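A quick write-up on the structure given underneath.
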Amino acid sequence: MEVDYTKARRHLARRDPVLRDLMRACGPCGLAARMHTNPFKALARAIVGQQLSAKAAATIFSRFEALYESFPTPAQVLATPDDRLRGVGLSSQKLRYLKDLCKHLEEGQLPLDALHQMGDEAVIETLTRVKGVGRWTAEMFLIFRLQRPDVLPVGDLGIVNAVRRAYKLRKAPSPDRLRRIGEAWRPYRSVACWYLWASLNNEPTKD
């Protein structure tokens, strides 16, 4: 789905003065530039990044990519010895998750090419059948691979911290409070989230 980011910025600035100030500080939205064209790569990166800082996740993922001449296929990952994958910094748990993803893809149980035709909740339901792919990971896929404009990952630690700081809240907002605040951002909640992450100079970090 093509998102008109200029229109989205105008809409968000009109609806939420706090977000308007964040957008002025951060400049143009960088979501389009962050789009992952390879859906397998997007999911693999999301699994690697679970519960890690952006810097740590990027380091481990770069080491993982360096094991191969080009980005690997699921079959190549399945054929890679576990000790080599652990050697790049993957935990045993994430290694199991990554290989379960590859197994689903190799056996045709995960129709990545059809996900763009599904609604957001159908995509989440499909992806979370894979071990280790939780709602957060599926939401990151919706935002950064499918470019869905109206996703609000209320379980994301970066969003929670950014909202608490930007809106000067005394304590971390609950998921329900985040949803209430985010009502003003519809139908561009993904764009609002990008600006919230950018305000922390960080990326999503929690599954």
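The values are calculated or read from the model by the stated rules, or taken from the named source; none is laboratory data. All values reported here derive from a predicted model rather than from experimental measurement. Ideal geometry is used to build each Cβ from the backbone, glycine not excepted, and the neighbour counts take in all protein chains shown. Each accessible area value is taken on the protein alone, full model and side chains, heavy atoms only, with ligands, DNA and RNA left out. Shrake-Rupley method; radii C 1.70, N 1.55, O 1.52, S 1.80 Å.
Some observations on this one:
- V123 within 28 Å of A8 (Cβ to Cβ), modelled with pLDDT of 95 or more and in contact with a Leu (Cβ under 7 Å, 6 or more places away or on another chain): yes
- Any hit, the stretch 111-119, residues being outside any helix (DSSP H, G or I) and touching a Phe, Trp or Tyr at 6+ places or on another chain (Cβ under 8 Å): no
- Members of the stretch 52-96 that are exposed (fewer than 14 other Cβ atoms within 10 Å of the Cβ), among the polar types (S, T, N, Q), in contact (Cβ under 8 Å) with a residue 24 or more places away in the chain and over 22 Å from L31 (Cβ atoms): Q93
- Considering only residues in the stretch 1-21 that are open to solvent by 30 Å² or more (accessible area, probe 1.4 Å) and outside any helix (DSSP H, G or I), the one that is modelled with the lowest pLDDT turns out to be M1.
- Scanning the stretch 149-165 for residues that are open to solvent by less than 30 Å² (accessible area, probe 1.4 Å), touching a residue at least 24 places away in the same chain (Cβ under 8 Å) and out of contact with any Phe, Trp or Tyr (no Cβ under 9 Å at 6 or more places or on another chain) gives V151, V154, V163.
- The stretch 49-82: number of residues that are modelled with pLDDT of 90 or more and either in a helix (DSSP H, G or I) or of a type in the set (D, E, K, R) (or both): 15
- Check on E139, assigned to a helix (DSSP H, G or I), surrounded by fewer than 20 Cβ atoms within 10 Å (Cβ to Cβ) and not basic (K, R): no
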